[in-house]
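Worksheet: the structure to be examined is printed underneath.
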Amino acid sequence: MADHLDIADALRQMQVDLTSHFDSKIGELQSTLITMNGSITTLSEQVSLIEHRISTNEDNLTNLDSRVKFLEKENSFLRDKVDDLENRSRSSNLRFLRIPERAEGRDTVDFIQRLILLLLGADKFPVLPVIERAHRSPTTMSPKSKNGPRPILVKFLNAQDKVKILRLAREKGELLFEGTKVFIYPDYSAALLEKRRLSRSHCTVRIIRMAGWMWLRCLLGPHLQRIHRSPDQSRPEGRPGRRGWNYQPSGLERHADSILGWASTLWSLSYYSSPLLLCYLYRKGYICSSKLVPVSQYVGTVLVCLLGVACLRGWERWRNSEYLQFISILEENKSSNTAANKKKLRCYDFDFSNWPTDFSWTEVNSPKASKAGVSLLKPEPRLRGAADGILHTVRTLPCHIISYLIAHSFGRRMLYPGSVGLLQKAMRQMLQQGQARLIEEYDGQRNKLIACDGNEIDTMFVDRRRDGEEENGQTLVICCEGNAGFYEVGCMNTPLESGYSVLGWNHPGFGGSTGVPFPQNEANAMDVVIQFAIHKLGFKVEDIIIYAWSIGGFTATWAAMSYPEIQSVVLDASFDDLLPLALKVMPDSWRPLVQYTVRTYMNLNNAEQLLKYQGPVLFIRRTRDEIITTTGPEDIMSNRGNDLLLKLLQFRYPKIMTDESIKVVRQWLGAYNYIEEMSVYSRYEVDDDWCVSVLQSYQAERDVLFPWSVGEDMTPEGRRQLALFLAHKYLHNFETTHCTPLPASEFHQAWRL
C-alpha cells in the first residue's frame, strides 16, 4: 500500500515539474514571438516607406524625363536657331582659299578688291563691291600648321555682291592668282558644313545604288530599234526630216549585239537540227560521260563569255543618253500605266515582249471561260460500237502519235512559215521599216492584246475617224494576214490607201505575237482583236469589215460566223478547205495520215464557217494563183476559190444553183480575163436589172434568212441568168499571182442587195 502511495507522489511531482518547465519554455516562446511580431511590424513600416519613396522617385524620374526631353527639344531648337542666325550673319561672307600667305600685305580689304577685279574682270564691276572687313581665319598662324595658306574671310556690305561674285566664279571656272589655283566658296557654319557633308555622302551612296540599278535595267532591258518623234515634238539637231530615226548604238554595243545575235541564230539552227545532230553524235560515240564532260566545260566557257559580252552591252547602253531616257520611260510606264506615259512610250520601237498590256480578253469576259478558248466547228465523229471503238483506237494509236508529231513539228511550220524564227530574223529590217512607216506616216498605234489562252497579240491600229476628208474613216477594216504575212508589210496597206480605219494583227508566233498558229489559237487571237475594236477602240460591230488574204480566210470566216452583225467580209485569194491543198503537196501513200492530221489539228474549214454568216461577202480570185490551185497556176478551174464561191451560192440559193446553173457558172469561172468573162455573161443574155428586181421582190415579200427558195418556179434560162449574176456580184477577178499586193483600186466593199 505504501509503495503505491510513493509512486503516486512521484507522478504528481513529475507532473508539477513538467508543468513548470513547459510554462517557462512557453513564456520564452511568447516573448520571442512578441519580439518577432514587433520586428515584422517595423519591417512592414519600413517596406511601406520604401515603396512610397520609390513611387515618389518614379514620379520624379518621369517628370525629369519629360523635362529633359523638353530641354533637349528646346536645346535643339535653340541650336538650330543659333546656327540659322550664324549662317544668316555669314550670308554676305565669302571664303577665298589658297591665297599665298602675306600676299594681302597690311590692307586686306584693298587687296581683296583688287583680287576680285583681277580674277573676274574689271568690266564686270562698274562699281566696286563694298567690303566691310576682311581677315585671315584663324587670325594667327600656328608655326606647326601643315594645312597650307589660311583662308581669307571677306564680309561684303551687300549680299547681292556676294551672289554676283559666286556666279561669275562658276561661269569662269578656273581662277588663277600668280600661277596658283584659287577657290571662292560661301562662308557656312561648322554645323551646316557637317550636315552638307553627311548629305553629300548619303546622296553619293544613293546615286551609286541608282546607277547600279539603272545599269542592271540596261543589261536586262529590251533591244531598242527606232525612236519615233511625236507630231508635236521638235526635230532634234542633226536628225533627218522624217518623224523618226534608227537608234544609234556605240561601236562596242553594236559588236556585242552582233555577237549575241549570232549566238541566238546558232542556237535556233541547233534547235531545229537537233534530231539529226543527236543521231549523228550518237553514231559517232560522242554521247557518253567521257565526251560530255569536256563538252560541258566548253559550253560553260562560251556561256561565261556571252555573259561578259552582255555586261559590256549593258555598260554601253548605260552610257547612251537615248537608251537611258527610253529605259526610264519604260520603267515609269510599268509603275504607272497612264495615257501620258503610254504616249511617251509609243515613241520607241523595241522588243514587243517588254511592251505593257493594252487590253486583255478577261476585261470583258469571265476568266473561267478562258480555259477552253472560243468555240470552233468540229468535224463530226464517226459512230462505232464500244468494242469496235476500243479496237480501232488501239489499232490507230501509232498513226495518231505520228500525226501529232507531224502537226507539231514540220507540219505547222509548212503551213505557217512566217512562224519560223529564222525567217523572221531575215525579214527583221523590212518589218521594222514597215512598222516605222505605219507609225510615222499614218500615226499608227501599236497595242498588245492578251487573248483568252494567254497569248500576246501584236496589233497596229490606224485611226481615220479624225480625218474629215476620209469618208471611209468611220468604218474599221480588220486585216487577217496570210501564212507568211505580217501587218507591217502585208495586206493592211490596201485598205489604208482607200481611206479606211484599219486594225492589223499578227498571227500567234508571228512578229511580236506569242504562241503557235494552230486553229484554236488563231480563233482566240481573232476574238480578242474584235473585242478590242469594240470595247477599247469604240467601233460598232456593224461598222467592221473583215478583210483576209490567203490563209487569213480561216480567222475571217470564224469572225463572220461568231459575230454575224459584221458589216461584210472580203476574202482575197482564199480557199474553201485546207485538205485538198494539203493532199496536193503530200505523197498519195500518206493520204489517210494527211486526212487525219488536217481534220484533227489543222482543220481550216473556211467554207463551213462562212455558211453560218448571213451578211455580204466578196471573193477576190487571182487568175494566175499558184498557191491555192490543186494542179497548177495555168489551170484556173483548180483554184479552190471557185469551190468556196460555189459552196456559198449553193447554200444561199439552192433553187437557183441547179446542176445546169452550176455548169454555167463553171464556164464563167473558167474565164482568164475580163473579156472572156463578159463573153460568157453576154452569151446567156444576163439582164442585171431583172435579176436585181427578182431578188429584191423576194426579199421584200419574205425577208428571211439564207437559204432562199427564190428560183423555185423559174425557167432554166432565168436560173442561169440569176446564177451568173450572183457569181459576178460575189466574185471579182484580179489578173495576177497569189503574193502580189492588192492595189487599193481593186479593194471594194461586198455587194449588198
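Quick notes on this structure:
- Test result for Ser55, polar (S, T, N, Q) and closer than 30 Å to Leu192 by Cα: no
- Of the residues making up segment 492-509, those that are among the polar types (S, T, N, Q) and surrounded by 24 or more Cβ atoms within 10 Å (Cβ to Cβ) are Ser501, Asn506.
- Residue that is modelled with the lowest pLDDT, among those in segment 257-277 that are under 25 Å from the mean Cα position of the chain (by Cα) and polar (S, T, N, Q): Ser268
- Elements of type helices (runs of 4 or more DSSP H) contained in segment 669-753, each with 1 or more residues being in contact (Cβ under 8 Å) with a residue 60 or more places away in the chain and either farther than 21 Å from Gly641 by Cα or among the small types (Gly, Ala, Ser) (or both): 688-702, 716-730
- Some residue of segment 569-590 being under 20 Å from Tyr547 (Cα atoms), open to solvent by less than 20 Å² (accessible area, probe 1.4 Å), touching a Cys at 6+ places or on another chain (Cβ under 9 Å) and part of a loop (DSSP other than H, G, I, E, B): yes
- Matching residues in segment 608-626 - criterion: being assigned to a loop (DSSP other than H, G, I, E, B) and either surrounded by fewer than 21 Cβ atoms within 10 Å (Cβ to Cβ) or at pLDDT below 95 (or both): Leu611, Lys612, Gln614, Gly615, Pro616, Thr623, Arg624, Asp625, Glu626
- Tyr672 being of a type in the set (Ser, Thr, Tyr) and under 25 Å from Val585 (Cα atoms): yes
- Filter result for the condition that a residue is crowded, with 17+ Cβ neighbours inside 10 Å, within 23 Å of Ala582 (Cα to Cα) and either within 38 Å of the chain's Cα centre (by Cα) or not hydrophobic (A, V, I, L, M, F, W, C) (or both), over Thr600, Thr629: Thr629
- Filter result for the condition that a residue is touching a helix residue (DSSP H, G or I) at 6+ places or on another chain (Cβ under 8 Å) and acidic (Asp, Glu), over Glu456, Glu441: Glu456
- Filter pass, Leu644 being open to solvent by 40 Å² or more (accessible area, probe 1.4 Å), within 48 Å of the chain's Cα centre (by Cα), within 25 Å of Ala559 (Cβ to Cβ) and of a type outside the set (Gly, Ala, Ser): no
- For segment 510-519, a tally of residues being of a type outside the set (Val, Ile, Thr), within 15 Å of Asn447 (Cβ to Cβ) and either outside any loop (DSSP other than H, G, I, E, B) or open to solvent by 20 Å² or more (accessible area, probe 1.4 Å) (or both) returns 1.
- Annotation note: of Arg226, Arg217, Arg209, the sole residue that is modelled with pLDDT under 80 and either assigned to a loop (DSSP other than H, G, I, E, B) or out of contact with any Leu (no Cβ under 7 Å at 6 or more places or on another chain) (or both) is Arg209.
- Identity of the residue in segment 400-459, aliphatic (A, V, I, L, M) and under 17 Å from the mean Cα position of the chain (by Cα), that ends up surrounded by the fewest Cβ atoms within 10 Å (Cβ to Cβ): Ile450
- Picking from residues in segment 169-201 that are open to solvent by 70 Å² or more (accessible area, probe 1.4 Å) and of a type in the set (Gly, Ala, Ser), the one that is nearest to Pro151 (Cα to Cα) is Ala190.
- Residue in segment 406-414 that is part of a helix (DSSP H, G or I), touching a His at 6+ places or on another chain (Cβ under 8 Å) and within 30 Å of Gln225 (Cα to Cα) present: no
- Restricting attention to segment 280-321, the residues that are part of a helix (DSSP H, G or I) and without any contact (Cβ under 8 Å) to a residue 40 or more places away in the chain total 24.
- Only one of Gln567, Gln609, Gln614 that is more than 36 Å from the chain's Cα centre (by Cα) and of a type outside the set (Gly, Ala, Ser): Gln614
The values are calculated or read from the model by the stated rules, or taken from the named source; none is laboratory data. Since this is a predicted model, take the numbers as computed values, not measurements. Glycine also receives a Cβ, built like all others from the backbone with ideal geometry; neighbour counts cover every protein chain displayed. Only protein heavy atoms, including side chains, enter the accessible area calculation; ligands, DNA and RNA are left aside. Shrake-Rupley method; radii C 1.70, N 1.55, O 1.52, S 1.80 Å.
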